[in-house]
Amino acid sequence: MPPVTISSPQTTAPAGSPLPGPADSVEAIRLQLRSWPEVEEYLRGCKGVIVPLGSTEQHGPTGAIGTDALTAEAVALEVGRRTGVLVTPAQAFGMAEHHLGFAGTISLQPSTLLAVIHDVVLSLARHGFERIFVINGHGGNIATTRAAFAEAYATAASRGLAAAPGLRCQLANWFMAGPVMREARERYGNREGHHATPSEIALTMHLEPSLVAKQRPLPEPAPAGPIHGPEDFRRRHPDGRMGSDPYLASADDGKRFLELAAEALSHDLETFLSE
């Protein structure tokens, strides 16, 4: 994904702030572009790290299958750029079992996702990271990720990791940030729906202009309802949407949602690192 930038104040972090301060570029905060000595040096000043978590699943007949991973990574990178906190590579596969009735969906079982998040946290904690801030783009990941945090705390303690006493994890769902939800309600009302929403589709259109051409008017969506597995989901929601009208989305909307999410989560991250 190409670098995403949004205009924001490029000032150093205030005295006493737990944040390293705004980075000059997105590349500067991507963990995969750092060497290990650089990470060791970073840890002398900051124990926080951002982990983008998404999913690879259907998003209706006009939405990208990678929506949840694309959006989580974009928000994470912008939060990292604004704060100077390192961002790991995105975990693009999540718990999407109920979407397996639609071609292209790739899901981890809850136990598999739990093990992945557990191992990611333990790997980071071993090196001295104590504040793991997971920016999530998929509602189906929430319960499993929180369970993984609990298990990781216990494992870190049992292994006697030096970071164990101070190890804390926080889940930040960008699409549930207060300003994002208010903006979505104001723009789309009830047409926001619950899956393949115009807000998330808008963000992907901002990130990947090729997705604009996929959008078209769609029939009335099936309303949101209970989910009892992939076959039941496909029967209740034949085109994959849950009460949403993604045709309302625009790339300009997406730019606004990215800014709102990054601002809200940057504040949450600073609070988290201050605790």
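The values are calculated or read from the model by the stated rules, or taken from the named source; none is laboratory data. The structure presented is a predicted model; accordingly, all values stated were derived computationally and were not measured. Cβ sites come from the backbone with ideal geometry, for glycine too, and all protein chains shown count toward neighbours. All accessible areas refer to the heavy atoms of the entire protein, side chains included, with ligands and DNA or RNA removed. Shrake-Rupley method; radii C 1.70, N 1.55, O 1.52, S 1.80 Å.
Some observations on this one:
- With eigenvalues of the C-alpha gyration tensor scaled by 5 and rooted, segment 61-209, Å: 29, 18, 13
- Per-q log10 I(q)/I(0), the chain, q = 0.11, 0.15, 0.16 Å⁻¹ (Debye; single scatterer per alpha-carbon; no solvent): -0.61, -1.09, -1.21
- Solvent-accessible area, 1.4 Å probe, carbon plus sulfur percent, for the chain: 53 percent
- Estimated from helical segments only, the mean residue ellipticity of the chain at 222 nm is -13000 deg cm²/dmol, where each DSSP H run of four or more residues counts as -39500 (n - 2.57).
- Of all beta bridges that DSSP places with both ends in the chain, some 15 percent have antiparallel geometry.
- Computed magnitude of the charge dipole of the chain (debye, nearest 20; Cβ of K, R +1, Cβ of D, E -1): 200 debye
- The protection proxy used here, the mean number of other Cβ atoms lying within 10 Å of each residue, ranks peptides 166-176, 105-115 as follows, highest first: 166-176, 105-115.
- Between helix 110-127 and the chain: long-axis angle, C-alpha atoms, 0 to 90°, nearest 10: 20 degrees
- Surface per residue (accessible, 1.4 Å probe) for segment 113-235, Å²: 48 Å²
- Packing-based order for 185-196, 216-227, using average beta carbon neighbours within 10 Å, highest first: 185-196, 216-227
- C-alpha long axis of helix 142-158 to longest principal axis of the chain, angle in °: 20 degrees
- The packing ranking of peptides 260-271, 131-142, highest mean first, is 131-142, 260-271, where packing means the average number of other beta carbon atoms within 10 angstrom of each residue.
- Value of Rg/Rh across segment 84-143 [Cα atoms, Kirkwood radius]: 1.02
- Axis angle, to the nearest 10 degrees, between helix 67-83 and the longest C-alpha principal axis of the chain: 30 degrees.
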